[in-house]
1. Around V292, which amide H atoms from residues at least 5 apart in sequence, or from another chain, sit under 5 Å from its own amide H, with H modelled in the peptide plane?
2. Add +1 for every Lys or Arg and -1 for every Asp or Glu among the other residues with Cβ under 14 Å from the Cβ of K156, and state the total.
3. Let me make sure I get this right: for segment 21-77, a, b and c are the square roots of the gyration tensor eigenvalues over alpha carbons, sorted descending. Under 1.5 in a/c it's rounded, otherwise prolate if a/b > b/c, else oblate. Which is it?
4. Using Cα positions and a limit of under 17 Å, work out the aspartates and glutamates in reach of K302, with same-chain residues fewer than 8 apart set aside.
5. Apply the a/c threshold of 1.5 to the C-alpha gyration tensor of segment 1-112 and tell me whether it is rounded, prolate or oblate.
6. Provide the per-residue ³J(HN,Hα) series for segment 114-126, in order, calculated from phi with Karplus coefficients 6.51, -1.76, 1.60 and θ = phi - 60°, each as a whole number of Hz, with x at glycine and proline positions.
7. Enumerate the whole-percent occupancy of each 20 Å bin, from 0 to the last occupied one, for all C-alpha pair distances of the chain.
8. Quick one: which residues, 5+ away or cross-chain, put their amide H under 5 Å from the amide H of K302? H built at 1.01 Å from N.
Amino acid sequence: MNRTFELKKVLKKCMEATQIVMNSEASSLMLLDEKTGELNVSVPTGPVQAEITGTAIPRNKGIGGWVISQNKPFISNDVTESEVFWKDLSGDFTTKNIICVPLQDEEGNALGVLQAINKKGNEDFLDNDIEVFEALALHVSTAIERSRKYEEMARKLEEREIAISEIHHRLKNNLATICALLEFDVEDVKDLKSKNVLSETNARLRSVAKAHSLLYDQEECASVELSEYISSIIENVERIFEDPKKEITVQVSFEHIELDASRAMLCGLMINELLINAYKHAFSERKDGEIVVTLKKTSEGKIVVIVADNGVGLKNENDVDTIKPNAHFILKALAKKLNANLSFDENPAIGSAIVFSFQA
């Protein structure tokens, strides 16, 4: 009983244990309905169990009603002589003797009753049986209380997951609306610097929005498939910063990697910044160019991201001609939150390559 959490299974195991321990022909577990005040025959055993399952008994009737109101055990080896006995719940079954004990919660309040009916071999229930039955009832009560708490926690968790999913959905829609409004504003802005700032902001917001979209659209909201997320970021940056006067292509080399949503978003934002920077500055003196984005996982369990281009290259990591101060600051801040190592490399043959890596 103590290894089971689902309430229905717990109740079934409790009644199986009752029949075995008390060596009875039948048994029943009745739980108090707090709304109606009635006792419900939750899980009976014996020859008429199917007929009486779910039967409601007034709290002031029968042996079960007496036990729960008095909150103490009852035993009778001839129920016909007992004023407490009400009636048999089925015409096909006759109660001869009975032992009934209360089920109590942590505060000692009765939450139901446990009863064994008709001891096999025409034997009597003994006073010593009460102590044994109360010990069993203690385990049954504990199992029921634990199962109820478990089911309540499961219900609250389900409600919380639904609420989180709804928040993701609303946030995704709100971010999409903001991005659409920004795009309208960008077209009306004449100042080039302001236009660039709005475009960069739009790209960042769309990267965040895509992460929420991926989370909302999948059954499991714990992780994001990184290559799918990065691909959407690349498409977004290409669309926003496309220059009809230049032919810039993006090549990718991706491995399938699952990453928790929080770090996936940080990783995506770093790639977003590097792509924006490459589009804006790496090919300022050229009409064509190529950007290569690589995503891989090492044997040591590190995720490595490389954003390389064949543009003008870097003189050093603080080269304001290729990495603007704001972008540089954002990259370092994101790398710090991601706990990632960030490095800047230059190769005259291919331009520049910016690498960051972090533990998977």
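1. When sequence neighbours closer than 5 places are left aside, the close amide H contacts are Q251, A308, D309.
2. On the way: positive: R148, K149, R155, R160; negative: E151, E152, E158, E159, E161.
Spelling it out: positives minus negatives among the neighbours equals -1.
3. Working: a/c = 2.24, a/b = 1.19, b/c = 1.89.
Cα axes put segment 21-77 in the oblate bin.
4. Output for K302: E225, E255, E258, D260.
5. Working: a/c = 1.44, a/b = 1.15, b/c = 1.25.
Rounded.
6. 10, 9, 10, 10, 6, 5, 5, x, 6, 7, 8, 6, 9
7. Calculated over all Cα pairs of the chain, the distribution is 24, 29, 16, 22, 9, 0 percent.
8. Those lying under 5 Å, H to H, from K302 are A360.
We did not get these values from a lab; they are worked out from the coordinates using the rules stated. Quantities reported herein were computed from a predicted structural model and do not represent experimental measurements. Cβ atoms come from the backbone with ideal geometry, glycine included; neighbour counts cover every protein chain shown.
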